[in-house]
Amino acid sequence: MTLNLVKGRPSTMGDAYPLNTTTLIRHAARTHGEQEIVYRTPDGGWARTDYASTYRRIRQAAGALRRLGVNPGDRVGILDWNSLRHFELYWAIPGLAAVMLQMNLRLGPEDLAYVVRHSEAAFIAVDETLLPVAEAIAPLCPGVKGWIVMTGKPLSEIRTSLAPLHHYEDLLAADAGDIDWPLIDETSAYSACYTTGTTGRPKGVYYSHRAIYLHSMAMASAVGATFDDCTMLITPMFHGQCWGLPQMATMMANKIVLPGRYMAEDTGPLTEAIIREEVTITNGAPAIFQPMLEHIRASGLKPDFSRLRLMSGATEPPLAMMRGFYEETGAEVIHAYGATETTPLVTINRFKRGLRRSMDAEQLWDLKRKQGLPMVGVDVRLSDDEDVNDLPHDGAHVGEICVRGPWITTRYHDMPDSADRFTPDGYWRSGDAGVIDGNGYLKLTDRIKDVIKSGGEWISSIDMENAIMAHPAVLEAAVVGVPHPKWQERPVAIVVLRAGHELTADGLRAHLAASFAKWQLPETVVFSDSVARTSVGKADKKRLRADYAHIHEGSEQ
């Protein structure tokens, strides 16, 4: 990346003093040591600790890792759920100037082993329940020097083929917790995460201490976080650094709730914990929030979520879901946009003061469908097909979203053939198509590869999905473009109905006719029990396109 920097008169500030993650957790423990951390136990119960006690364990963990031979720059992987031990390692590993390697549990063994080999991970900490995952990849990862099992059981009761094997709690018990934290250069990598590999091998992104520190400040400002908030980490901590929420919550000394292991189809314990612990900030995908809303309705709960902000990403939240949460509980669903490459926040949807006054209620609801305004510090541009011209912000011109900023990656780790994903002046090319309106709000129209090209015209699969989801009989929906002998591509709608509801293909098309031209309507509607999803909760459109690739063969209509 080439930046034309202008150097002015030197300041008298401590500009050489680094921004790093240790500063965040140390401040939280020193100043807000009594603040609660609530966490799920292996038996499904809940327990409580606080920042001060957790910080002592973090210092012990860091000392133990150093004694094992973890040095600055080494990569240490974590196979775990959203647990207290995982939270401890979020600080202990970077505190040594080592790199916390996030290991996505939803990757297959081959891709997960590739991540370990490509990153050259030295040690891997693994929760006892995930020993089978570690054992499956261990033969493919000969460079790993040791495995650290995280469990409440004694080592003598653990049966595993992993070797050499260390016991997390024994390591901590043997350490005095008196580590002298190194002063880490803020440009050093604190963590690494790999893309989910939907095209080719997963690509590695290494986040700096400086990037996550600045990201935390911007996120806190955007969601209006204060010391009085309670944050629950629902998004997996093993991918996309839980959207940076652990660091932001710690920066703001929030009460933190760690839900451990949970299933997307069983959101009852999550919902009940939100009510019991008075959670005010959390994060997740519509694939989590929609079942949560259904649980609230089915159980007859009437929670007061008037302070709750649900940060929603992965895919556009259905308008019906956002309205349902607000009208039935008072919760605000905050649409956000980002990626592995962007730490991840690029935009977040909050209303401008002037728009609250000038728009009516329906206009404001429609505005919430957009991905939002760029975060402070992030530069977003729309590029034309040749990546030559910037397109106007008029809400009409569709271009590729390109992003640059202090927490946006400028390259992939050890992947020299990926230069086409970046512009010469340092913008990351997202692969997303979108528009920016005159008020500055970004709206994704589709993944460039997911735009349906029919008869020379484009159809937005995202807009059609959300229109389908607005039907009261529909629980889930996905729309993909599949080959057509006459029209190049045509949309296929995959629809999951709510229990006890009925809907025909003609009925669905009649519903869509209010928002789409007749030629845009899907001839084919597939009613299914579920929608295939990727490891991060998005509809798996690559798989869906393959599943229905031949559905129009022989059709000339």
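Throughout, read-outs are computed from the coordinates displayed, never taken from laboratory work. What you see is a predicted model, and the numbers here were worked out from it, not measured in a lab. In this analysis, Cβ positions are derived from the backbone assuming ideal geometry, glycine residues included, and neighbour counts consider all displayed protein chains.
In percent, how large is the relative contact order of segment 18-208, given Cα pairs closer than 8 Å and 6 or more residues apart?
On the way: 330 pairs, mean separation 45.5, N = 191.
Over segment 18-208, the number comes to 24 percent.
Amide H to amide H, which residues 5 or more places from residue 526 or on other chains are under 5 Å from it, using H placed in the peptide plane?
Placed amide hydrogens put 493, 494, 495 under 5 Å from residue 526.
Given the pairs 203/542; 486/542; 443/518; 203/443; 453/538; 255/443, which are separated by over 28 angstrom at their Cα positions?
On the way: 203/542 18 Å; 486/542 22 Å; 443/518 24 Å; 203/443 26 Å; 453/538 21 Å; 255/443 33 Å.
Table pairs above 28 Å Cα-Cα are 255/443.
Excluding residue 240 itself, what net charge comes from residues whose Cβ is under 14 Å from its Cβ, given Lys and Arg +1 and Asp and Glu -1? Please report the intermediate quantities before stating the final value.
Numbers: positive: 106, 203, 538; negative: 341.
That sum, taken over residues with Cβ under 14 Å, equals +2.
Return the FRET efficiency for the residue pair residue 176, residue 128: r is the Cβ-Cβ distance, R0 is 30 Å, and the value is rounded to the nearest 0.05. Walk me through the numbers on the way to the answer.
On the way: r = 26 Å, r/R0 = 0.86.
With a Förster radius of 30 Å, E is 0.70.
Between segment 293-372 and segment 419-488, how far is it from one alpha carbon centroid to the other, in angstrom?
Distance between centres, Cα-based: 20 Å.
What does the extension gain come out to for residue 515 and residue 364, with contour length at 0.36 nm per residue minus their alpha carbon separation?
52.6 nm
Computed from these coordinates, which is Cα extents along the principal axes in Å: (1) 73, 61, 51; (2) 118, 63, 45; (3) 67, 55, 55?
Checked against the structure: label (1).
Compute the long axis of helix 286-299 from its Cα atoms, compare it with the longest principal axis of the Cα atoms of the chain, and write down the angle in degrees, 0 to 90, nearest 10.
The helix 286-299 is inclined about 80 degrees to the chain.
Counting other Cβ atoms within 10 Å, which chymotrypsin sites (Phe, Trp or Tyr not before Pro) in segment 141-233 have at most 14 and lie in a DSSP loop?
Qualifying residues, ordered by number: 227.
Counting helices only, and only those DSSP H runs with n ≥ 4, report the 222 nm mean residue ellipticity of the chain as the sum of -39,500 (n - 2.57) divided by its residues, in deg cm²/dmol to the nearest 500.
On the way: 16 runs with 156 residues, N = 557.
It lands at -8000 deg cm²/dmol.
What list of whole percents do you get for P(r) of segment 450-547, with Cα-Cα distances grouped in 10 Å bins up to the one holding the largest distance?
16, 52, 29, 3
What Kirkwood hydrodynamic radius do you get for segment 361-505 when you take the inverse of the mean 1/r over all pairs of distinct Cα atoms, in Å?
Its Kirkwood hydrodynamic radius stands at 17.4 Å.
Explain nothing, just compute: Karplus ³J(HN,Hα) = 6.51 cos²θ - 1.76 cosθ + 1.60, θ = phi - 60°, for every residue of segment 413-430 in order, whole Hz, x for Gly and Pro.
5, 6, 9, x, 8, 10, 4, 5, 7, 9, 8, x, 9, x, 7, 7, 8, 6
So what are the radius of gyration and Dmax for the Cα set of segment 18-208, in Å?
16.2, 47
Relative contact order for segment 67-177 using alpha-carbon pairs under 8 Å, separation at least 6, rounded to a whole percent?
24 percent
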